[in-house]
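The block underneath contains the structure these notes are about, expressed in structure tokens.
The values are calculated or read from the model by the stated rules, or taken from the named source; none is laboratory data. Predicted model only: the values in this text are computed from it and were never measured. Heads up, the Cβs are rebuilt from the backbone with ideal geometry, glycines too, and the neighbour counts pull from every protein chain shown. Side chains are part of the model used for accessible areas, which takes the heavy atoms of the whole protein and leaves out ligands, DNA and RNA. Shrake-Rupley method; radii C 1.70, N 1.55, O 1.52, S 1.80 Å.
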Amino acid sequence: MRILVIGSGGREHALAWSIKHNHPEVELYVAPGNAGTASIGTNLSIDPLDFEGIAKAVEELGIEGIVVGPEAPLVAGLRNFIKERFGDKIWFVGPDKEGSQLEGSKVWAKRFMKEMGIPTAEFYVADEGNLNEVVERVAHEWDPPYVLKADGLAAGKGVIIVDNKNELFDIATDMVLNRRFGEASASIVIERFLPGMEASVFLWVDGDSYVLLPTAKDYKKAYDGDKGPNTGGMGSVSPGWLTGYHIAKVKSRIIEPTIDGLLQKNIHYTGFLYIGLMFVNDDPYVLEYNVRLGDPETQAIMPRLEVDWLGMWRDGTFPMREKPDYAVTVILASEGYPEKYEKGFVITGLEDVGREKDIFVFHAGTKLNEKGEVVTNGGRVLAVTALGPRLSIARDRAYEAVEKINFENKFYRTDIGVDLMEKVNA
Ligand code: AMP
Ligand code: GLY
């Protein structure tokens, strides 16, 4: 069985690792991959948006299934393309272009939620034609803060929270008229700010059936104490803080109406779905849908799962076991990330740490240099995950491992999981 994983981050390394861990017989290909995926499969230097290149690899290598990590190829219609070209000869993990609008267009997603009665923040849509009118109405009706969201994909940067009415006007103008995020912000959603506790749920969805994966929490700010700029994520913990009581509400108020709503629109959604939630007084509201798994939540979730992925993806069965252990994931980044940083530094300590029990090192921004050494090649370089029977033990193990891996300009948060210590039996 030959499987092609699309993507190059820590999420894809963790997914590839989990496929191999649960199905040792699988031959893995990763496009384009990184130094970590090269150690468990074959990297192919194909861009995830090069659909013809992907189709050629499928034919030449006899690939039977494709698993897509990032959203961009899904939003661009990779599933539609592969299904048109190969029919049901290839199974495919990830929704089609229509289903991917849940992430690819915030305007579409908000209208979908409104139509289906799914709880989400109140909103208006603005574009060149009605910007002033909408901004004035928002400023008149709601107190700040306001949340401004680019309609299209903006590499995780398209959401801006503003604290007063002047900024609302300036930033909305910059987004829409000056195209701050290119065509992605030609239309924007202006939302009411929801105060509360954030949580994420991850699902596998296949038409009218779904299964919940373990929950996880991510840490988006660059520095300790949730300070500094937003990043792609500086760490994660699984499970998160949601209890059975919260999950029951999420299922009946959010997941089930989402799945019914997609079917009503004739969308047969096959893929992972990640729902970002805000709990306001214990009631869940949807902040966003993503048509993929989270990064770095996946790096915390995968080591906790025993799962028959082929059953799930190919045969429509859902056999899965979640280990009771906690997982703590710490991102090792390059000093300066998410702004400017240097690359090309040799990483030491990887092999020793990689051999330790219940420690997992997933690569994100790494590559092999001409001498075959692993060097830094991005802002987020590695994700170090440790399992432990208690949160405090998993945390200690993760940070011990982090100390043993070194490269110039290494930088990480020291407080991943600290806020959850009071909430759970740490
Ligand atoms: P999104 O990409 O839509 O999840 O937004 C990114 C981040 O902005 C979220 O993780 C929240 O922290 C914050 N956010 C988004 N929408 C809202 C909202 N309506 N109220 C408060 N915070 C929000
Ligand atoms: N961890 C946030 C994301 O993957 O979008």
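Data overview
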{"read-out": "Test for Thr215: is it out of contact with any strand residue (DSSP E or B) (no Cβ under 8 Å at 6 or more places or on another chain) and hydroxyl-bearing (Ser, Thr, Tyr)", "value": "no"}
{"read-out": "Residue in region 176-185 that is within 16 Å of ligand 2 (Cβ to nearest atom), among the small types (Gly, Ala, Ser) and either at pLDDT 95 or above or more than 30 Å from Thr414 (Cα to Cα) (or both) present", "value": "yes"}
{"read-out": "Residue match in region 329-339 (condition: within 15 Å of Pro303 (Cβ to Cβ) and in contact with a Ser or Thr (Cβ under 7 Å, 6 or more places away or on another chain))", "value": "yes"}
{"read-out": "Filter result for the condition that a residue is more than 20 Å from the chain's Cα centre (by Cα) and closer than 28 Å to Ile255 by Cβ, over Met197, Met113", "value": "Met113"}
{"read-out": "Qualifying residues in region 227-246 (those that are surrounded by fewer than 16 Cβ atoms within 10 Å (Cβ to Cβ) and away from ligand 2 (no atom under 13 Å from the Cβ)) - the one nearest to Gln101 (Cα to Cα)", "value": "Pro229"}
{"read-out": "Selection within region 240-252 - basic (Lys, Arg) and more than 22 Å from the chain's Cα centre (by Cα)", "value": "Lys249"}
{"read-out": "Yes/no for Ile393 being part of a loop (DSSP other than H, G, I, E, B), of a type in the set (Val, Ile, Thr) and surrounded by 14 or more Cβ atoms within 10 Å (Cβ to Cβ)", "value": "no"}
{"read-out": "Members of region 146-175 found to be of a type outside the set (A, V, I, L, M), open to solvent by less than 40 Å² (accessible area, probe 1.4 Å), more than 16 Å from ligand 2 (Cβ to nearest atom) and not in a helix (DSSP H, G or I), listed by number", "value": "Tyr146, Asp151"}
{"read-out": "Residues located in region 80-107, provided they are touching a residue at least 40 places away in the same chain (Cβ under 8 Å) and open to solvent by 10 Å² or more (accessible area, probe 1.4 Å)", "value": "Trp91, Asp96, Glu98, Glu103, Gly104, Ser105, Lys106, Val107"}
{"read-out": "In region 266-313, residue surrounded by the fewest Cβ atoms within 10 Å (Cβ to Cβ) [restricted to those that are within 12 Å of ligand 1 (Cβ to nearest atom) and of a type in the set (A, V, I, L, M)]", "value": "Val280"}
{"read-out": "Residue in region 216-229 that is within 15 Å of ligand 1 (Cβ to nearest atom) and acidic (Asp, Glu) present", "value": "yes"}
{"read-out": "Flag if Asn43 is free of Cβ contacts under 8 Å to residues at least 24 places away in the same chain, touching a helix residue (DSSP H, G or I) at 6+ places or on another chain (Cβ under 8 Å), closer than 30 Å to Gly344 by Cβ and not aliphatic (A, V, I, L, M)", "value": "yes"}
{"read-out": "Region 408-421, residues that are out of contact with any helix residue (DSSP H, G or I) (no Cβ under 9 Å at 6 or more places or on another chain) and more than 18 Å from Pro338 (Cβ to Cβ)", "value": "Glu408"}
{"read-out": "Residue pairs meeting the criteria (Cβ under 9 Å; at least 6 apart or on separate chains; first closer than 12 Å to Arg292 by Cα and within 15 Å of ligand 2 (Cβ to nearest atom), in region 268-279; second among the acidic types (Asp, Glu) and assigned to a strand (DSSP E or B))", "value": "Gly271/Asp206; Tyr274/Glu288; Ile275/Glu288; Gly276/Glu198; Gly276/Glu288"}
{"read-out": "Sole residue being assigned to a helix (DSSP H, G or I), of a type in the set (Lys, Arg) and open to solvent by less than 10 Å² (accessible area, probe 1.4 Å), chosen from Lys110, Lys114", "value": "Lys110"}
{"read-out": "Members of region 206-226 that are within 14 Å of ligand 2 (Cβ to nearest atom) and among the aromatic types (Phe, Trp, Tyr)", "value": "Tyr219"}
{"read-out": "Condition check for Glu103: within 23 Å of the chain's Cα centre (by Cα), part of a helix (DSSP H, G or I), within 19 Å of Asn266 (Cα to Cα) and of a type in the set (Asp, Glu)", "value": "yes"}
{"read-out": "Criterion (of a type in the set (Gly, Ala, Ser) and in contact with a strand residue (DSSP E or B) (Cβ under 6 Å, 6 or more places away or on another chain)) met by exactly one of Gly261, Gly294", "value": "Gly294"}
